[in-house]
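Down below is the structure, laid out as structure tokens.
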Amino acid sequence: MKQHEVIIALGSNYCQSANMMWASQRLTSLVCGSKFSRILWTKDVSGKGRMYQNRLVRGTTTLAVEELEKQLKEIERALHRDGEKVTIDLDLMEYDFVRYHLRDWDRPYIQQLIGDVK
């Protein structure tokens, strides 16, 4: 099976440490050779609201892009993401060197963390 290079962003603003650990463990079953960045605390991009924990993971998967995104949404649903309480947010940032969420690439925390997984 073909291996696809991926980078996924993780973020949480509610029970951050527990939810980041739980999601990171789940991602290791989807992303082979998972290389995780450190965790950064950041302010909500709107400037109000809760503090976030953010990190990136890079590795490979045999899943097609559509199936991988479906699996990421299932992990989010398992933690009952609800409104302003972001238990976990998982965004596919790169798949086989094609970038997604283009506005997010310029965010300072992505720029700080990308070096951890390259």
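The values are calculated or read from the model by the stated rules, or taken from the named source; none is laboratory data. Computed from a predicted structure; not experimentally measured. All Cβ positions, even for glycine, are placed from backbone atoms using ideal geometry, and neighbour counts span all protein chains on display.
Observations
- Output for the range 7-55, where each listed residue is more than 18 Å from LEU92 (Cβ to Cβ) and of a type in the set (Gly, Ala, Ser): SER17, ALA18, SER46, GLY47, GLY49
- When residues of the range 38-64 are limited to those that are among the hydrophobic types (A, V, I, L, M, F, W, C) and not in a strand (DSSP E or B), the one farthest from SER17 (Cα to Cα): ALA64
- Just one residue in the set SER29, SER17 is in a loop (DSSP other than H, G, I, E, B) and among the polar types (S, T, N, Q); that residue is SER29.
- Which listed residue is modelled with pLDDT of 95 or more and either touching a His at 6+ places or on another chain (Cβ under 6 Å) or not acidic (Asp, Glu) (or both), from LYS85, LYS118, LYS70: LYS70
- Residues in the range 49-78 that are of a type in the set (Lys, Arg) and either surrounded by 20 or more Cβ atoms within 10 Å (Cβ to Cβ) or within 22 Å of GLY115 (Cβ to Cβ) (or both): 2 in all.
- Filtered by the rule that a residue be more than 12 Å from the chain's Cα centre (by Cα), assigned to a strand (DSSP E or B) and either acidic (Asp, Glu) or surrounded by 15 or more Cβ atoms within 10 Å (Cβ to Cβ) (or both), the range 86-100 gives a lone residue, TYR95.
- Residues of the range 12-48 classified as within 18 Å of THR60 (Cβ to Cβ), touching a helix residue (DSSP H, G or I) at 6+ places or on another chain (Cβ under 8 Å) and surrounded by 15 or more Cβ atoms within 10 Å (Cβ to Cβ), total: 6
- Residue match in the range 65-79 (condition: part of a strand (DSSP E or B) and within 13 Å of the chain's Cα centre (by Cα)): no
- Every pair of residues 6+ apart whose Cβ atoms lie under 8 Å, when the first sits in the range 27-48 and is closer than 11 Å to GLY11 by Cα and modelled with pLDDT of 95 or more while the second is of a type in the set (S, T, N, Q) and not in a strand (DSSP E or B): LEU40/GLN112
- All positions within the range 101-113 that are in contact with a strand residue (DSSP E or B) (Cβ under 8 Å, 6 or more places away or on another chain), surrounded by fewer than 15 Cβ atoms within 10 Å (Cβ to Cβ) and among the aliphatic types (A, V, I, L, M): none
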